[in-house]
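Notes for the one structure printed next.
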Amino acid sequence: MLSQRMLKSSRGFSLTELMIVLAIMGVLLALAAPSFSRWISNAKIRTAAEAVLSGLQLARTEALNRNAIMRFQLTTTVDDSCAFSDAGPSWVVSRDEAAGQCGATPVISDTTVGGNPMPPPRIFQTYDGTQAGGEGAQIDAAGQVVFTFNGMGRLTFPITNASIQVYGVQGENGCIAGGGKDRCMRIDISQGGGIKLCDPSLPTTNVQAC
């Protein structure tokens, strides 16, 4: 009798019980899918925005360290087919114009071992946005493709404060501010060299707001 009770208690789920569990899991997944999809979209937007932020900060830091003009350039690619584009998704930090030369080997110093100037474009770092989930975000620099910083860390070009918008795949209309659900980001660059990543959808009382 004892062995029979133990045998019954060790039996697995019945087919009916299994179907009920699967049905519940299906409902839960269906409810969670939109939120998960939105989270992925917002993560891609933030990743793209942080990549642009890092490039701008690098250009300014190198300008300060070298007491020289440094350029942050938005480009289509990071090989020698690259062209300037205010939509990126890639970027190049260099001393000289890098369009058509983005595949050049990055350098550490402005001069050779013998003390001679390194030839242009004197690239210090590149970032390939197409290999970093760039398809999930859109960059919009409003026609501005080059940002230069001088040896004091100040923005010298453009000659006014500038901003770079980062949207999701639906563009500006997909942002919360435009009635959508994407948490879009913005990078503000001031003439004094301040660089800030912010969220236009947040109230001005929030420290992360624009």
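Derivation of every value follows stated rules applied to the coordinates shown; laboratory data play no part. Given the structure is predicted, the values throughout are model-derived calculations rather than measurements. Every residue, glycine as well, gets a Cβ built from its backbone with ideal geometry; the counts of neighbours run over all protein chains shown.
Residue pairs whose Cβ atoms lie under 6 Å apart, separated by 6 or more positions or on different chains, with the first residue in the range 183-210 and part of a loop (DSSP other than H, G, I, E, B) and the second among the aromatic types (Phe, Trp, Tyr), are 184/167. The set of residues in the range 101-153 that are under 27 Å from residue 182 (Cβ atoms), without any contact (Cβ under 8 Å) to a residue 12 or more places away in the chain and β-branched (Val, Ile, Thr) is empty.
If you check every pair at least six apart or on different chains, which have Cβ atoms under 7 Å apart with a residue in the range 161-181 that is within 18 Å of residue 209 (Cβ to Cβ) and in contact (Cβ under 8 Å) with a residue 40 or more places away in the chain first and a residue that is assigned to a loop (DSSP other than H, G, I, E, B) and of a type in the set (A, V, I, L, M, F, W, C) second? Close Cβ pairs (under 7 Å, with a partner that is assigned to a loop (DSSP other than H, G, I, E, B) and of a type in the set (A, V, I, L, M, F, W, C)) amount to 164/141; 166/137; 166/184; 167/137; 167/184. All conditions in (1) β-branched (Val, Ile, Thr); (2) crowded, with 16+ Cβ neighbours inside 10 Å; (3) out of contact with any strand residue (DSSP E or B) (no Cβ under 6 Å at 6 or more places or on another chain) hold for residue 105, with the sole exception of (2). Checked against (1) outside any loop (DSSP other than H, G, I, E, B); (2) in contact (Cβ under 8 Å) with a residue 24 or more places away in the chain, residue 98 passes all but a single condition, namely (1). In this structure, is residue 184 within 14 Å of the chain's Cα centre (by Cα) and more than 30 Å from residue 67 (Cα to Cα)? Criteria met by residue 184. Taking the criterion of being surrounded by 17 or more Cβ atoms within 10 Å (Cβ to Cβ), under 14 Å from the mean Cα position of the chain (by Cα) and not hydroxyl-bearing (Ser, Thr, Tyr), the residues of the range 139-170 that qualify are 139, 140, 141, 164, 165, 166, 168.
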